[in-house]
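The values are calculated or read from the model by the stated rules, or taken from the named source; none is laboratory data. Owing to the predicted nature of the structure, the values given are computational and were not obtained by experimental measurement. Cβ sites come from the backbone with ideal geometry, for glycine too, and all protein chains shown count toward neighbours.
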Amino acid sequence: MYFDSHAHYTDEAFAADRESLIKSLPGEGIEGFVNIGASIAESMHAVNLAEQYPYAYAAIGVHPENAAEVTAQGIEQLRRLSEHEKVVAIGEIGLDYHYDDVPRDVQKDAFRKQLALAESTGLPVVIHDREAHGDTMDILRKHLKTGGVMHCFSGSTELAREVLDLGMYIALGGVVTYKNAVKTVEVAKTVPLDKLLLETDCPYLSPVPNRGKRNSSLNLPFTAAKIAEVRGISIAEVAARTTENAKRLFGILG
Ligand code: NI
């Protein structure tokens, strides 16, 4: 049974069939998923979704591209949401230097404030780091006080080592199946098996052979198969261990 540590089922890409798709997951070997918030509105939607299915959980938080939402009032809204029993993490939070729309200082401030929220609630964090490895690691080294996962990890094995040294998990998704993903395959080979999570980031980043199509948790077996192949272990072991790891990180029983 698989666990999707990072899904965006509140995305409009799922507007037409969200309910039937989510209902189909347990019958297809998907034991659970965490729906990730990227804004305050999406975080509320994630909590609503988690209320509807026993195997759905929510992460609440503001993505760096929406960093302006992280005002004192925004933090209060997130704090109230965090008290819900299906909320298992703060995220996704972090830094994104790919686009210049949001000033870096604003992103860093929002990131630090949400790490402080994680500390005060005791919840682990889901980290988004795009082309901002240095600053992301600096802030995490100083302000990370809970568990966490580096989502859609795209760095080198050296960076993976630094992330693991902070006690964090590393999540791999469809990218590991792409032809040019040399670094990511190297990470997939070497990350300790008790620190690895599977994710989709759906609707984005479908693994081969469905690359370019809408992604969903149903594609997790393709990602697991690639990781199993490069590590020389069975797909069942990848599934079992990554599911166990996700439950440990997010404090999910059973
Ligand atoms: Ni995401």
Some residue of the range 17-27 being closer than 24 Å to Arg141 by Cα, small (Gly, Ala, Ser) and modelled with pLDDT of 95 or more: no
Filter result for Ile36 (modelled with pLDDT of 95 or more, crowded, with 17+ Cβ neighbours inside 10 Å, among the aliphatic types (A, V, I, L, M) and within 15 Å of the ligand (Cβ to nearest atom)): yes
Single condition Thr10 does not satisfy, out of (1) within 16 Å of the ligand (Cβ to nearest atom); (2) hydroxyl-bearing (Ser, Thr, Tyr); (3) assigned to a helix (DSSP H, G or I): (3)
Which numbered condition Arg80 misses (of (1) over 20 Å from the mean Cα position of the chain (by Cα); (2) within 25 Å of Leu253 (Cα to Cα); (3) surrounded by 14 or more Cβ atoms within 10 Å (Cβ to Cβ)): (3)
Qualifying residue in the range 209-228 (condition: surrounded by fewer than 20 Cβ atoms within 10 Å (Cβ to Cβ) and farther than 28 Å from Phe14 by Cα): yes
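Starting from residues that are away from the ligand (no atom under 16 Å from the Cβ) and either farther than 13 Å from Tyr9 by Cβ or modelled with pLDDT under 95 (or both), keep the ones in the range 52-68 and report whichever is surrounded by the fewest Cβ atoms within 10 Å (Cβ to Cβ).
The extreme case among them is Pro54.
Can you pull out every residue in the range 13-33 that is within 13 Å of the ligand (Cβ to nearest atom) and crowded, with 18+ Cβ neighbours inside 10 Å?
Residues of the range 13-33 that are within 13 Å of the ligand (Cβ to nearest atom), as a first pass: 13, 33.
Answer for the range 13-33, where residues must be within 13 Å of the ligand (Cβ to nearest atom) and crowded, with 18+ Cβ neighbours inside 10 Å: just Phe33.
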Residues of the range 1-12 classified as surrounded by 14 or more Cβ atoms within 10 Å (Cβ to Cβ) and free of Cβ contacts under 8 Å to residues at least 60 places away in the same chain, total: 1
Where a residue in the range 13-36 is free of Cβ contacts under 8 Å to residues at least 24 places away in the same chain and its partner, wherever it lies, is outside any helix (DSSP H, G or I) and away from the ligand (no atom under 16 Å from the Cβ), with Cβ under 6 Å and at least six apart: none
Among (1) within 15 Å of Ile30 (Cβ to Cβ); (2) in contact (Cβ under 8 Å) with a residue 60 or more places away in the chain; (3) buried (at least 23 other Cβ atoms within 10 Å of the Cβ), the one test that Ala171 misses: (1)
